[in-house]
1. How much of the accessible area of the chain, probe 1.4 Å, is carbon plus sulfur, in whole percent?
2. Kindly express, to the nearest 10 degrees and within the range 0 to 90, the angle between helix 104-121's C-alpha long axis and the longest C-alpha principal axis of the chain.
3. Where in the chain lies the longest segment free of trypsin sites (Lys or Arg not before Pro) that are both loop residues by DSSP (not H, G, I, E, B) and have at most 14 other Cβ atoms within 10 Å?
4. Take a quick pass over region 142-283 and tell me how many lysine pairs come in under 17 angstrom between Cα atoms, counting only ones 8 or more apart or on separate chains.
5. What does the extension gain come out to for Lys345 and Asp195, with contour length at 0.36 nm per residue minus their alpha carbon separation?
6. Under the rule a/c < 1.5 gives rounded, and otherwise a/b versus b/c splits prolate from oblate, where does region 292-352 land using the Cα gyration tensor?
7. Around Asp195, what is the net charge, scoring Lys/Arg as +1 and Asp/Glu as -1 over all other residues with Cβ under 11 Å from its Cβ?
8. What shape does the chain have by the C-alpha gyration tensor, where a ≥ b ≥ c are the square roots of the eigenvalues, rounded means a/c under 1.5, and otherwise prolate means a/b greater than b/c and oblate the rest?
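The values are calculated or read from the model by the stated rules, or taken from the named source; none is laboratory data. Note that this is a predicted model, so its numbers are computed, not measured. Here Cβ is always computed from backbone atoms with ideal geometry, including for glycine, and neighbour counts include all displayed protein chains. To get the accessible areas, we keep the full protein, side chains included, count just its heavy atoms, and leave off ligands, DNA and RNA. Shrake-Rupley method; radii C 1.70, N 1.55, O 1.52, S 1.80 Å.
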Amino acid sequence: VLLWLTVKYNEQNFLLIGYMYILGIESSCDETAIAIVDGRGSVIAHVLNSQVSMHAKFGGVVPELASRDHICHIVPLLDEALKRAQISLQDLTAIAYTAGPGLIGSLLVGATFAKSLAFALNIKAIAINHLEAHLLAAFLDNKDLQFPFITLLVSGGHTRLLEAKTLGQYKVLGDTLDDAVGEAFDKTAKLIGIDYPGGARLAALADKCKEVISDSFPRPLIKRKSLDFSFSGLKTHALQYWQNSSQDESAKMTLAKAFQDAVIDVLVAKCERALAQTGIKTLVVAGGVGANLSLRSKLKESCQNLAATACFPAMEYCTDNGAMVAYAGFLYYQKQCFDDDWAIKVQARWEL
Ligand code: KG4
Ligand code: ZN
């Protein structure tokens, strides 16, 4: 029960006991997202503005436009989150914000806003690593989840297998040698004429294909003992396949399915190997590609066969969101890990 409550002194030094509310602010790339979790770690408000349509016409994220757009949306989103949570600014216990990795201008908007607000409210700010927030998102809907576990972190910028030992202690088991999975999905989608970011739409197309595709697409590094990944060869193979095809709707669908199947086979094989090598029985999937339905069902099936458990964040918490940042803040608040330096510091690169 104590965890649900916070204790603070007011200006007259009266001890105040109140409910705990952690605000989370995410602005590392092209989503402005704000959420509030309560003292049980449950999400009580979660709002976001996606900039996808704004960047689509440029074929990718334009950093300067991204940061300007965060500035336009951050205050209205905060107001909306407070309204949905039915609390006021003064009820907030601490403010967690994404301090990296990401686009520097975008990160600066969130960090400056979060720390200024924390300063004005005389509460703690908590700097959160975006990758760690993704990794912890599975806790939001799996309250029984416990360390240690294996994490497959698959996003637009990362493809990594990690051993999560405890909060803040992560060992990298494998990494991509070239493209990230999300990036490979997006580039392959672009190849067949699907606008940026086409990953989710390529996957939807693949799932519509009822044909049984032979495994003609390569499964890079699948037989290697190492837990590293490589996707650039697969992308080149997709290009060659496309150039030699009829380039009609049916060819698009076949390519999407063959590409997705190859990626998933590799991801599943490497996850199985990571579980076997470490003896750990829980697999957590994190990041935007974790929203891929076929990947989720194949990993579930494979874990069942290994008497292991596969844990996924809810779909809305796979891609960038404020809830994962607020939840990471909730965990670090309990460890009293605060960002007490009032200087604004963000990092474009920040390894776990
Ligand atoms: O984690 P995220 O929202 O942003 C980063 O931190 O990168 O991941 C975005 C990536 C994009 O590359 C997007 O195409 C991919 O996740 N993605 C998917 C799916 N939904 C999003 N890739 C495959 N299948 C999906 N259903
Ligand atoms: Zn992300």
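1. Numbers: 8460 of 15870 Å².
Of the solvent-accessible surface of the chain, carbon and sulfur hold 53 percent.
2. The two axes meet at around 20 degrees.
3. Counting only loop sites that pass the neighbour cut-off, the longest clear stretch is 58-142.
4. Lysine pairs meeting the criterion: 19.
5. Between Lys345 and Asp195, full extension yields 50.6 nm more.
6. It comes out prolate by the Cα gyration axes.
7. Numbers: positive: Lys57, Lys190, Arg201; negative: Asp186.
Combined, the nearby Lys, Arg, Asp and Glu give +2.
8. Working: a/c = 2.36, a/b = 1.64, b/c = 1.44.
Because a/c hits 1.5 or more and a/b exceeds b/c, the chain counts as prolate.
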